[in-house]
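Trainee: Would you mind keeping the following structure in view while I ask a few things?
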Amino acid sequence: MSELQNINVGEYGNLVSDRAVKGETLLLNMGPQHPSTHGVLRLLLELDGEIVVNCIPDIGFLHTGVEKTMEYKTFQQAEVLTDRLDYLYTIGNNLVYCLAVEKLLELDVPERAQAIRVILTELSRIQSHLIWIGTSALDLAAMSVFLYAMRERELILDVYEMVSGARMMTTYIRPGGLWRDVPSGFEAAVRHIVKEIPRRVDEYEALLTKNPIFLDRTVGIGKITTEDCLKWSIGGPVLRATGLAYDIRRARPYSGYEQYDFDIPTQPEGDIFARYKVRVEEMRQSVRIIEQALDKLPGGPVRSSNRKYIPPPRSEIGVSMEALIHHFKLWTSGFETPKGSVYTAIESPRGELGVFLESDGGAKPFRVHFRTPSFSNLQIMSLLSKGHFVADLVGIIGSLDIVLGDTDR
Amino acid sequence: MEPGVILEWVIKSVVILISMTAGFAYTTWYERKVLAKMQVRIGPNRAGPFALLQPVADGIKLIFKEELVPAEADKLIFNLAPVITVIPALIVTAVVPWGGVLDINGFKLSLALTDTNLAILYIMTVTSISVYGITLAGWSSNNKYAMLGGLRATAQMISYELALGLSLVGPVLVAGTMSLGKIVEMQQGGWFILFQPVAAIIYFIAIIAEVNRAPFDMPEAEQELTAGYHTEYSGMKFALFFMAEYAKMVAVSMIGATVFLGGYLGPFLDIAPWLGPVWLWVKVAVLLFVFIWIRATSPRIRYDRLMAFGWKILFPLALANVLVTAVVVAFMGGK
């Protein structure tokens, strides 16, 4: 038996109830290697029969030191690390980091780049929700939905590959705009996805929404109120499933979200089923946003023309001395930033994804901190799971939609 | 007793054992292929034509795997549990007739190992044994997940055994016999699923729970209990549990087909009596397809709901069905 498995009641005496100390309840170690903890999450469960008395989440098994490493990279290099945080919302991670850098530098981003950013982050949201619907249905043992969702996800990953060459870690969004303009097949591919997704989402709903077993496993399980959500700093679909229509895309718009017409789906119940309904509806709303952005996709450049921060195009380097100097400077020492600190936040599929950036005036960030939604969502695990069955606990983890890369950083 | 008769029995027993083990192997192949088609995947396609050698490859792999025995396990029971589980699954179909009587150059060959008049009782008795294997496996592994799985299995199988038994009482009352051979012959006028639809539905629900298949696969709920009672098993011991599950699937499908779907009866049987086993296996394949179909579609029921469903809905319904059947049979004088 490994050290982790050998749970010593004395060691956790302050966390578990008195009954565990007396040996009346069972301490069960769930994870870090377990099929349904969505990664390397460890849950220490105190069970009375199969009913959860207490659930203590233990994180840190995927800690990669991203935040510290970023302090040793220039602002451009550090961006690559953001892909590795929330591996289901990589483009969003890039976006929030770039927004922070742009805010620090007071860079402006061309319209076209803004629209493409919106299209890609919404595709990313759909992609993340597809994984969520698949894995959380799989947690309740409805296995086919997972494979159907993977099929649709493939279409979106193909678009990632088309624009950036990478299927997950794209680093496509850069401070000041995009890496380069989208290729010619981009619009057709996105239009195809936009046509396909609503139909497929209807199919998932046909398998799940009215399925009596699914309803039995989700309705009334893992309830939380709006007040508790706000107390625990929970945002995103979990909050909206309690009835509060709070969405950063609407509350503090970024990347031109104020131009798009979309609804914020809410459900009053606050249980697993409400979160399911909210996320399913969000996929449809994302499709609406993408359609609008595609319809009015403006022409023009995709990068800011501020050469102090944005590298010149390749064509200029051969003919312009100044361009060559800028290029050399940017790729050797990076750009220097004004002293100060900024915080920006975007709406990730899981909630508020924020980044705090502190600069001491150098080319490297003094401190980068990510406020990640998975981390705050995990806090309510014990609140949600008390009194439920082990089987429901699995459904609750799925409904919170955690990504451990996002939690541990 | 004549040596010829004993030889015939031995040969038939061997045929049944081989067909159950082969049935297990090819049920896994069948399940993987059908599931793959349902889930827009390709499924196994490497080992041999249509991956027909896949079960062989799996078997070889499992034989060469290391057999781990947890240090603090109860070794004797730990080793015994898979055996206790698998043997009932292999022998339960001994009483199922595969066909009528074949006439080979004057030699009358009955396509049934035995036609005991206690067949249904035998089935109920033998299937109950396998729950011991699962419970003991869960307990002897000295693993908390396995123990929870074993406890679930015990509770689940005991509560579904009652409904299962009662669902078979209906056809027995209608047929007036417990012999499966006679029950099949009685169905020449119409399959029992037509006269006993409630019993048939209860039977099919109860067998899903009995063999621990989705949506009643609580004892091995992968998402909750990792692998439930066989968490600590590896290599061939694991394969034996796997074999028990699939052989039991085949067995209960075969019994269900015999009791409710006319067994080996089918068209052209009077011209070619050898078609009996073919019809029986076709019906088994259809029932297995339903098992796989349900697995591909349905989420898992929660443990407490499963118990409530078994005790509060299936059990009273099965009792009511027995009562109604008994009254009808008493007044009409049987079919």
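Trainee: What residue, among those in segment A:195-221 that are more than 23 Å from B:Phe216 (Cβ to Cβ) and open to solvent by less than 10 Å² (accessible area, probe 1.4 Å), is nearest to the other protein chains (Cβ to nearest Cβ)?
Mentor: The residue in question is A:Tyr204.
Trainee: Let me ask something additional. If we scan segment A:56-65, do we find a residue that is open to solvent by less than 10 Å² (accessible area, probe 1.4 Å) and either of a type in the set (A, V, I, L, M, F, W, C) or touching a Pro at 6+ places or on another chain (Cβ under 8 Å) (or both)? Spell out the reasoning first.
Mentor: Taking segment A:56-65 as the starting set, the residues that turn out to be open to solvent by less than 10 Å² (accessible area, probe 1.4 Å) are none.
No: segment A:56-65 contains no residue that is open to solvent by less than 10 Å² (accessible area, probe 1.4 Å) and either of a type in the set (A, V, I, L, M, F, W, C) or touching a Pro at 6+ places or on another chain (Cβ under 8 Å) (or both).
Trainee: Give segment B:104-133 a look and list any residue that's under 30 Å from B:Leu80 (Cα atoms) and surrounded by fewer than 19 Cβ atoms within 10 Å (Cβ to Cβ), or say none. Working first, answer last.
Mentor: First pass over segment B:104-133, keeping only residues under 30 Å from B:Leu80 (Cα atoms): B:113-114, B:116, B:118-133.
Across segment B:104-133, the qualifying residues are B:Thr114, B:Thr116, B:Leu118, B:Leu121, B:Tyr122, B:Met124, B:Thr125, B:Ser128, B:Ile129, B:Tyr132.
Trainee: Take B:Phe331 and tell me if it is more than 14 Å from every other protein chain (Cβ to nearest Cβ), surrounded by fewer than 22 Cβ atoms within 10 Å (Cβ to Cβ) and under 30 Å from B:Leu68 (Cα atoms). Full working, then the answer.
Mentor: Details: more than 14 Å from every other protein chain (Cβ to nearest Cβ): yes; surrounded by fewer than 22 Cβ atoms within 10 Å (Cβ to Cβ): yes; under 30 Å from B:Leu68 (Cα atoms): no.
Here the answer is no, as B:Phe331 does not meet what is asked.
Trainee: Pull up segment B:266-282, narrow it to residues that are within 22 Å of B:Ile16 (Cβ to Cβ) and aromatic (Phe, Trp, Tyr), then point me to the one that is modelled with the lowest pLDDT.
Mentor: Top of the filtered list is B:Trp274.
Trainee: Which ones in segment A:222-249 are hydrophobic (A, V, I, L, M, F, W, C) and open to solvent by less than 40 Å² (accessible area, probe 1.4 Å)? Steps first, answer last, please.
Mentor: Initial filter on segment A:222-249 (hydrophobic (A, V, I, L, M, F, W, C)): A:224, A:229-230, A:232, A:234, A:238-239, A:241, A:244-245, A:248.
Selection gives A:Ile224, A:Cys229, A:Ile234, A:Val238, A:Leu239, A:Ala241, A:Ile248.
Trainee: What do you reckon, is B:Ile292 within 14 Å of another protein chain (Cβ to nearest Cβ), open to solvent by less than 30 Å² (accessible area, probe 1.4 Å) and either part of a helix (DSSP H, G or I) or without any contact (Cβ under 8 Å) to a residue 40 or more places away in the chain (or both)?
Mentor: For B:Ile292, the condition - within 14 Å of another protein chain (Cβ to nearest Cβ), open to solvent by less than 30 Å² (accessible area, probe 1.4 Å) and either part of a helix (DSSP H, G or I) or without any contact (Cβ under 8 Å) to a residue 40 or more places away in the chain (or both) - is met.
Trainee: Exactly one of these conditions fails for B:Leu113: (1) part of a helix (DSSP H, G or I); (2) at pLDDT below 85. Give me its number.
Mentor: Answer for B:Leu113: the failing condition is (1).
Trainee: What pairs come up if the first residue lies in segment A:143-171 and is within 11 Å of another protein chain (Cβ to nearest Cβ), the second is open to solvent by 60 Å² or more (accessible area, probe 1.4 Å) and at pLDDT below 90, and their beta carbons are under 6 Å apart, counting only those six or more places apart or on different chains?
Mentor: A:Arg151/B:Val40
Trainee: Can you tell me which residues in segment B:116-138 are in a helix (DSSP H, G or I) and more than 29 Å from B:His230 (Cβ to Cβ)?
Mentor: Our first condition is that a residue be in a helix (DSSP H, G or I); within segment B:116-138, this holds for B:119-138.
Residues satisfying the conditions are B:Ala119, B:Ile120, B:Leu121.
Trainee: Please go through segment B:62-104 and give me each residue that is of a type in the set (Phe, Trp, Tyr) and assigned to a helix (DSSP H, G or I), ordered by number. Let's see the steps before the verdict.
Mentor: Narrowing segment B:62-104 to residues of a type in the set (Phe, Trp, Tyr): B:64, B:78, B:98.
Those that are of a type in the set (Phe, Trp, Tyr) and assigned to a helix (DSSP H, G or I): B:Phe64, B:Phe78.
Trainee: Say we look at segment A:19-70 and pick out the residues that are over 22 Å from the mean Cα position of the chain (by Cα) and among the acidic types (Asp, Glu); which of these is farthest from the other protein chains (Cβ to nearest Cβ)?
Mentor: Checking each candidate, the answer is A:Glu24.
The rows are residues; the columns are (1) surrounded by 24 or more Cβ atoms within 10 Å (Cβ to Cβ); (2) within 30 Å of B:Leu225 (Cα to Cα); (3) away from chain B (no Cβ under 14 Å).
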| site | (1), (2), (3) |
| --- | --- |
| A:Leu357 | yes, no, yes |
| A:Asp360 | no, no, yes |
| A:Ala363 | no, no, yes |
| A:Phe375 | no, yes, yes |
| A:Ile380 | no, yes, yes |
| A:Phe389 | no, yes, no |
| A:Val394 | yes, yes, no |
| A:Ile397 | yes, yes, no |
| A:Ile402 | yes, yes, yes |
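Trainee: Oh, and also: Which members of segment B:295-320 meet the condition of being open to solvent by less than 20 Å² (accessible area, probe 1.4 Å) and farther than 30 Å from B:Gln39 by Cβ?
Mentor: Our first condition is that a residue be open to solvent by less than 20 Å² (accessible area, probe 1.4 Å); within segment B:295-320, this holds for B:296, B:298-300, B:302, B:306, B:310, B:314, B:318.
Listed by number, the list holds a single entry, B:Ala318.
Trainee: Now, a different point. Do we have B:Gly150 as open to solvent by less than 60 Å² (accessible area, probe 1.4 Å), within 14 Å of chain A (Cβ to nearest Cβ) and either of a type outside the set (Val, Ile, Thr) or in contact with a Ser or Thr (Cβ under 7 Å, 6 or more places away or on another chain) (or both) here? It would help to see each step written out before you state the result.
Mentor: Working: open to solvent by less than 60 Å² (accessible area, probe 1.4 Å): yes; within 14 Å of chain A (Cβ to nearest Cβ): yes; either of a type outside the set (Val, Ile, Thr) or in contact with a Ser or Thr (Cβ under 7 Å, 6 or more places away or on another chain) (or both): yes.
Yes.
Trainee: Of all residues being touching a residue at least 40 places away in the same chain (Cβ under 8 Å) and of a type in the set (Phe, Trp, Tyr) in segment B:101-144, which is nearest to B:Glu72 (Cα to Cα)? Just the residue, please.
Mentor: B:Trp139
Trainee: Those residues that are away from chain A (no Cβ under 14 Å) and among the aliphatic types (A, V, I, L, M), I need them from segment B:16-42; list them, please.
Mentor: Step one: of segment B:16-42, the residues away from chain A (no Cβ under 14 Å) are B:16-30, B:33.
Scanning segment B:16-42 gives B:Ile16, B:Leu17, B:Ile18, B:Met20, B:Ala22, B:Ala25.
Trainee: How many residues are modelled with pLDDT of 70 or more and farther than 24 Å from B:Glu67 by Cα when one looks only at segment B:213-241?
Mentor: 5
Trainee: Ok, one more. Select, from B:Val34, B:Val56, B:Val15, B:Val5, the only residue that is farther than 16 Å from B:Tyr246 by Cβ and either part of a loop (DSSP other than H, G, I, E, B) or under 25 Å from the mean Cα position of the chain (by Cα) (or both).
Mentor: B:Val15
Trainee: Identify, from the list A:Ala78, A:Ala20, the residue that is modelled with pLDDT under 85 and surrounded by 18 or more Cβ atoms within 10 Å (Cβ to Cβ). Break it down stepwise before answering.
Mentor: Details: A:Ala78 fails: modelled with pLDDT under 85.
Every option except A:Ala20 fails the conditions.
Trainee: Looking at segment B:76-86, is at least one residue open to solvent by 70 Å² or more (accessible area, probe 1.4 Å), at negative phi and within 14 Å of chain A (Cβ to nearest Cβ)?
Mentor: no
Trainee: Take the residues in segment A:249-270 that are of a type outside the set (A, V, I, L, M, F, W, C) and not in a loop (DSSP other than H, G, I, E, B); name whichever of them is farthest from A:Thr225 (Cα to Cα). Before the answer, list the steps.
Mentor: From segment A:249-270, those of a type outside the set (A, V, I, L, M, F, W, C) are A:249-250, A:252-261, A:263, A:265-270; that's our starting set.
Those still in the list that are not in a loop (DSSP other than H, G, I, E, B) too: A:249-250, A:257-259.
Working: A:Arg249: 22, A:Arg250: 22, A:Tyr257: 28, A:Glu258: 28, A:Gln259: 31 Å.
Here the answer is A:Gln259.
Trainee: Can you list the strands (runs of 3 or more DSSP E) lying wholly within segment A:326-409 that have 3 or more residues being in contact (Cβ under 8 Å) with a residue 60 or more places away in the chain and of a type in the set (A, V, I, L, M)?
Mentor: Numbers: elements: A:340-348, A:351-359, A:367-371.
Hits in segment A:326-409: A:340-348, A:351-359.
Trainee: Closer than 30 Å to A:Asp58 by Cβ, outside any helix (DSSP H, G or I) and at pLDDT below 90, is that true of A:Ile310? Spell out the reasoning first.
Mentor: Details: closer than 30 Å to A:Asp58 by Cβ: no; outside any helix (DSSP H, G or I): yes; at pLDDT below 90: yes.
For A:Ile310, the condition - closer than 30 Å to A:Asp58 by Cβ, outside any helix (DSSP H, G or I) and at pLDDT below 90 - is not met.
Trainee: Can you find, within segment A:172-188, the residue that is nearest to the other protein chains (Cβ to nearest Cβ) among those that are aromatic (Phe, Trp, Tyr) and either in contact with a strand residue (DSSP E or B) (Cβ under 7 Å, 6 or more places away or on another chain) or part of a loop (DSSP other than H, G, I, E, B) (or both)?
Mentor: Within segment A:172-188, the subset aromatic (Phe, Trp, Tyr) is A:172, A:179, A:186.
When the remaining residues are screened for being either in contact with a strand residue (DSSP E or B) (Cβ under 7 Å, 6 or more places away or on another chain) or part of a loop (DSSP other than H, G, I, E, B) (or both), the result is A:172, A:179.
On the way: A:Tyr172: 29, A:Trp179: 33 Å.
Once the filter is applied, the top-ranked residue is A:Tyr172.
Trainee: Further question on the same structure: Residue under question is B:Ala308, and the condition is that it be within 14 Å of chain A (Cβ to nearest Cβ) and under 22 Å from B:Leu166 (Cα atoms); does it hold? Please lay out each step first, then the result.
Mentor: Working: within 14 Å of chain A (Cβ to nearest Cβ): yes; under 22 Å from B:Leu166 (Cα atoms): yes.
Answer is yes for this residue.
Trainee: Among (1) more than 30 Å from B:Val282 (Cβ to Cβ); (2) more than 14 Å from chain A (Cβ to nearest Cβ); (3) touching a residue at least 12 places away in the same chain (Cβ under 8 Å), which single condition is B:Glu72 missing?
Mentor: All conditions pass for B:Glu72, except number (2).
Trainee: Going by what's in this entry, would A:Glu106 be described as closer than 26 Å to A:Glu187 by Cβ and modelled with pLDDT under 90?
Mentor: For A:Glu106, the condition - closer than 26 Å to A:Glu187 by Cβ and modelled with pLDDT under 90 - is not met.
The values are calculated or read from the model by the stated rules, or taken from the named source; none is laboratory data. Predicted, not measured: the structure shown is a model, and the values here were computed from it. So basically every Cβ, Gly included, is an ideal-geometry build from the backbone, and we count neighbours across all protein chains shown. With ligands, DNA and RNA removed, areas are computed over all heavy atoms of the protein, side chains included. Shrake-Rupley method; radii C 1.70, N 1.55, O 1.52, S 1.80 Å.
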